[in-house]
Amino acid sequence: MLCGCMVLMVGLLLGSPLVSAQQLLSDREQQQALDDLERKHFDSYTLALTWHPGFCATRRQPPRECRDPVLMAAADDGFVIHGLWPSRPDRLIDEGLDIDTWHREGCFVEHRRPRGGFCEMGPPIEFDTELENALNASMPGRASCLDRYEYAKHGACTGVNEEDFFEGAIALAEIVNASALGDFMLAHRGEEVSRNALITAFEDAFGDGTGSALSLQCGGPSDRFLTEIRIGIDAERVDDFPSASSLVDQPHGRCPRYIEIRSFR
């Protein structure tokens, strides 16, 4: 996990200091964050977590979080947040919105996508100091305004406010990183592993037969670098995460039989 000096340096680079703690949210705060995510007007969430060294290795024009040594080092100790993606809200299904359009446009079907990059998606998102610090540590993509884009596309029209959206994502990411899957990733940084070994590690964390809730994303030469995992979570049972009953199936990923877990070290 991040040492105190590294956590503070990351916070300064992103505009605010970070707390020095292995667990950014207490157990009580994690559970409250999951409770606040529970919804009945859409079916599920997809938790998208980036394996940052692999993601950065696949970028032809690496963003700031892939170039800054402090941000890179801070993201080498576990998965970091890409996003939390609700499925189609019931009201948009009733209006005839097809699933492909939802995946492509998300909330931009109701609020026109602004021109420009991520930083043009809206004003900076600000929280109280504790949540600001935790999000800076959990989402290095904030350096490129990823948080603005993710909320504008996936949160703004779903009835999940900004605080619940990001605090919930932090809680989910921390639970994953503290699991047997997180242990497996840290133990095999810089190594090649089989796709099946990674799925087994997921089932060790979440229960036998839960591998269908995991989607592996890869890129780079021959698509061998792990870049991201996606976990399907029932929106009405998210408060029970990481129990097997909280999970829902995900589409198959696109990783080969053997995968490289990249490291910045």
Q) ³J(HN,Hα) across segment 104-113 via Karplus (A = 6.51, B = -1.76, C = 1.60, θ = phi - 60°), whole Hz, x for Gly/Pro? A) 7, 10, x, 5, 5, 5, 10, 10, 3, 4
Q. For segment 235-247, what does the Karplus curve 6.51 cos²θ - 1.76 cosθ + 1.60, with θ = phi - 60°, yield as ³J(HN,Hα) per residue in whole Hz, taken in order and with x for Gly and Pro?
A. 5, 8, 10, 4, 5, 9, 4, x, 5, 4, 5, 8, 9
Q: With only Lys, Arg, Asp and Glu charged, each at its Cβ (+1 for the first two, -1 for the last two), find how big the charge dipole of segment 193-265 is about the Cα centre; round to the nearest 20 debye.
A: 560 debye
Q | Placed amide H near Tyr258: partners under 5 Å, 5+ positions off or other chain | A | Arg195
(Q) What are the equivalent ellipsoid semi-axes of segment 130-210, built from the alpha-carbon gyration tensor (square roots of five times its eigenvalues), in whole angstrom, biggest first? (A) 28, 15, 12
**Q.** Rounded if a/c under 1.5, otherwise prolate or oblate - segment 16-86, Cα gyration tensor axes
**A.** oblate
Q. What is the set of long-range amide H partners of His82 at a cut-off below 5 Å, with H atoms built 1.01 Å from backbone N?
A. Ala48, Leu49, Thr50
Q: With all protein chains present, calculate the accessible area of Glu95 using a 1.4 Å probe and round the result to the nearest 10 Å².
A: 130 Å²
Q: Let me know the shape class of segment 119-173, please: from the alpha-carbon gyration tensor, a ≥ b ≥ c as square roots of the eigenvalues, rounded when a/c is under 1.5, otherwise prolate if a/b is greater than b/c, or oblate.
A: oblate
(Q) Projecting each Cα onto the charge dipole of segment 78-127 (Lys/Arg +1, Asp/Glu -1 at the beta carbon, about the Cα centre), which of Met121, Trp102, Pro89 comes out farthest on the positive side? (A) Met121
Q.
Can you compute the charge dipole magnitude of segment 89-183 about its Cα centre, using +1 on each Lys and Arg Cβ and -1 on each Asp and Glu Cβ, nothing else charged? Give it in debye, rounded to the nearest 20.
A. 520 debye
Q: Would you please give the residues with an amide H less than 5 Å from that of Thr227, counting only those at least 5 places away or on a separate chain, with H modeled from the backbone geometry?
A: Gln217, Cys218, Gly219
Q. Is the shape of the chain best called rounded, prolate or oblate, per the rule: a/c under 1.5 gives rounded, else a/b larger than b/c gives prolate, else oblate, with a ≥ b ≥ c the square roots of the Cα gyration tensor eigenvalues?
A. rounded
(Q) Through the Karplus equation 6.51 cos²θ - 1.76 cosθ + 1.60, θ set to phi - 60°, convert the phi angles of segment 129-145 into ³J(HN,Hα) values in whole Hz; use x for Gly and Pro. (A) 4, 4, 5, 4, 4, 5, 5, 4, 6, 8, 9, x, x, 4, 4, 10, 6
Q) Anyone know which of Leu181, Leu92, Leu84 comes out most mobile in the 10 Å Cα GNM of the chain? A) Leu92
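The values are calculated or read from the model by the stated rules, or taken from the named source; none is laboratory data. None of these values were measured; they are calculated from a predicted model. Don't worry about glycine lacking a Cβ; one is built from the backbone with ideal geometry, like all the others, and counts go over all protein chains shown. The protein model used for the area step is the full one, side chains on, heavy atoms only, and it has no ligands, DNA or RNA in it. Shrake-Rupley method; radii C 1.70, N 1.55, O 1.52, S 1.80 Å.
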